[in-house]
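> Got a structure for you, questions after.
The values are calculated or read from the model by the stated rules, or taken from the named source; none is laboratory data. Worth saying up front: this structure is predicted, and the values here are computed from it rather than measured. Please note: Cβ atoms are built from the backbone with ideal geometry, for glycine as well, and neighbour counts cover all protein chains shown.
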Amino acid sequence: MMQTLETETCYRALTARDRRFDGLFFVAVSTTGIYCRPVCTARTPRQDRCAFYRTAAEAEHAGFRACLLCRPELAPGSAPVDSVPRLVATAVSRIEGGYLNESSIDDLAAELGVTSRHLRRAMEAELGVSPVELAQSRRLALAKQLLQDTALPLAEIAFASGFQSVRRFNALFQERFGRPPSELRRKGAEEEGSRSLVLRLDYRPPLDWGQLLLFLRGRAIPGVEHVGDSEYRRTVRLGGKTGWLVVRHDPKRPALLAEVSLSLAGVLMPVAARLRTLFDLDAQPEVIAECLGRDALLGKLVQQHPGLRVLGAFDPFEMTVRAILGQQVSVRAATTLSGRLVARFGESLDSPHAEISRLFPLPETLAAATVDDVASLGLPGARAKSLLGVARAVAEGSVRLDRHAEVDETMAALEALPGIGAWTSHYVAMRALRWPDAFPASDLGIRKALGGVTAKVAAERAEAWRPWRSYAAVHLWTSLSEGAGG
């Protein structure tokens, strides 16, 4: 059990059912053998019967079973700046995204630049569980959610959750939950023959869903994304699978509901991980607000939009291309250009939603284009070269665009490419790399919101907002209009 958890603090949060602690720890009850989220509505146990664990996997490793009432598999995750060593944090993120469903621990360790033995020791020391135990915990958590919320056949649930064998799935499920998967099936979750399934994605409130949609609406790529009055739609290409999804806010609880096409059943784990990243669902808004609220200007903005998040990127390459298209033009003009690019280089997708029928082009596809091909969309030659430079760097692997990349190295590599400056690299770090302390100080909107100051003064002012400068930037953009900020 993690030594950093304070029993008294955890028990007070448990008795208060404080949602700020949801997903930050789990409570196991010795008399029942069950572990719960701190927001569970079941009767609060006596303190001497409680043990507190930082992760669900650690509680399961200690022999406890997940509560069927509060459903620990739905708890929000940890934010990217939590005090966990970078190696472990990166490994956890990769595993939760389904990496070990297709690859080995040796592959993961090699990608992280360590031996598999070192990775196991680091994770066991920090989290109390091995990489395999964490992966099994996440697979079983997804399977449990699909059993309770969908009508997928058991075999399809096993494979969608990352298991390579139905027999292995049944055995582990029986061992972990003390009953076969069929007994957990919730009747009437979804009708047989449905062409989609629904994933529930919990978060720590508050979350300003309306403002998130407003930000996305002006930047939605025609054919790939569409934002309605209350929902977000997009096409998906992931792990060799293609399909579509629709995200809505759950009116009953602090959660988003993602309707996902059945064609994506084999990549549900990475789809869920990318949606959590896109909508910043693992943020801790109270912690961020406490820091930014000390500033006279930001304090007022935080009060106006207490649930504002930093939107990430479902597809980091797609978002980076969109950022380049947005250089020195209005948001509307950049959206028009992105639509032309998708129409020219993207692929068609059969979708029940007329607004989303194209797949964003792969880096390799754009890398094979010529400057004239890209410039013909209405781009200056220099910007066409910038776009091709990024596409070729990503295709070759010299630039890595995801939250696991080294931020400083990636920003430096981007700025070494033609036409990529500090504004673009910081914006990419903020959204694609999920760096909460990025701050494009030269941005005209940010400088205007701060009273028309210079980029240097804006950067100096922002020092007090570390390590949450990305959130400060979003609040400043929001204070102006929907047309600011990339």
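> On the basis of being buried (at least 22 other Cβ atoms within 10 Å of the Cβ) and over 18 Å from the mean Cα position of the chain (by Cα), does Ile221 make the cut?
Yes.
> If you take the residues of region 69-87 that are crowded, with 18+ Cβ neighbours inside 10 Å and at pLDDT 85 or above, which of them is nearest to Gln284 (Cα to Cα)?
Selected residue: Pro76.
> Shifting gears a bit: Does region 102-123 contain at least one residue that is within 30 Å of Tyr471 (Cα to Cα), at pLDDT below 90 and buried (at least 22 other Cβ atoms within 10 Å of the Cβ)?
no
> Would you pick out the residues in region 239-250 that are at pLDDT 95 or above and either more than 18 Å from Pro352 (Cα to Cα) or small (Gly, Ala, Ser) (or both)?
Result: Gly243, His249, Asp250.
> Shifting gears a bit: Out of the residues in region 6-35 that are touching a residue at least 60 places away in the same chain (Cβ under 8 Å) and basic (Lys, Arg), which is surrounded by the most Cβ atoms within 10 Å (Cβ to Cβ)?
Among those residues, the one meeting the criterion is Arg19.
> Identify all residues within region 402-417 that are in contact with a Phe, Trp or Tyr (Cβ under 6 Å, 6 or more places away or on another chain) and modelled with pLDDT of 95 or more; write none if there are none.
Listed by number, the list is empty, since nothing qualifies.
> From Tyr35, Tyr11, Tyr53, which residue is farther than 27 Å from Val132 by Cβ and aromatic (Phe, Trp, Tyr)?
When all the criteria are applied, what remains is Tyr11.
> Which of the numbered conditions does Ala59 fail, given that it passes all the others? Conditions: (1) surrounded by fewer than 22 Cβ atoms within 10 Å (Cβ to Cβ); (2) at pLDDT 90 or above.
(1)
> Return the residues of region 150-192 that are among the hydrophobic types (A, V, I, L, M, F, W, C), assigned to a loop (DSSP other than H, G, I, E, B) and either within 22 Å of Val132 (Cα to Cα) or at pLDDT 90 or above (or both); say none if nothing qualifies.
The answer is Phe163, and nothing else.
> Continuing with this model, one more query. Please verify whether region 305-315 includes one or more residues that are crowded, with 16+ Cβ neighbours inside 10 Å, modelled with pLDDT of 95 or more, under 22 Å from Pro222 (Cβ atoms) and not hydrophobic (A, V, I, L, M, F, W, C).
yes
> Identify, by number, the condition in (1) of a type outside the set (D, E, K, R); (2) buried (at least 18 other Cβ atoms within 10 Å of the Cβ); (3) modelled with pLDDT under 95 that Gly397 doesn't meet.
Only one criterion in (1) of a type outside the set (D, E, K, R); (2) buried (at least 18 other Cβ atoms within 10 Å of the Cβ); (3) modelled with pLDDT under 95 is unmet by Gly397, namely (2).
> Give region 408-461 a look and list any residue that's buried (at least 22 other Cβ atoms within 10 Å of the Cβ), polar (S, T, N, Q) and either farther than 25 Å from Asp315 by Cα or free of Cβ contacts under 8 Å to residues at least 24 places away in the same chain (or both), or say none.
Result: Ser425, single match.
> Within region 400-453, track down each residue that is within 20 Å of the chain's Cα centre (by Cα), assigned to a loop (DSSP other than H, G, I, E, B) and of a type in the set (A, V, I, L, M).
Leu401, Ala405, Ala432, Leu433, Ala438, listed by residue number.
> Still on this structure, I have one more. Looking only at residues in region 348-364 that are without any contact (Cβ under 8 Å) to a residue 60 or more places away in the chain and loosely packed, with under 15 Cβ neighbours inside 10 Å, which one is farthest from Ala220 (Cα to Cα)?
For region 348-364, the residue satisfying everything is Glu364.
> Shifting gears a bit: Only residues in region 229-253 that are more than 21 Å from Arg217 (Cα to Cα) count as the first member; pair them with residues that are outside any strand (DSSP E or B) and hydroxyl-bearing (Ser, Thr, Tyr), Cβ under 8 angstrom, at least 6 apart or cross-chain, and list the lot.
Pairs found: Lys241/Ser263; Thr242/Ser263.
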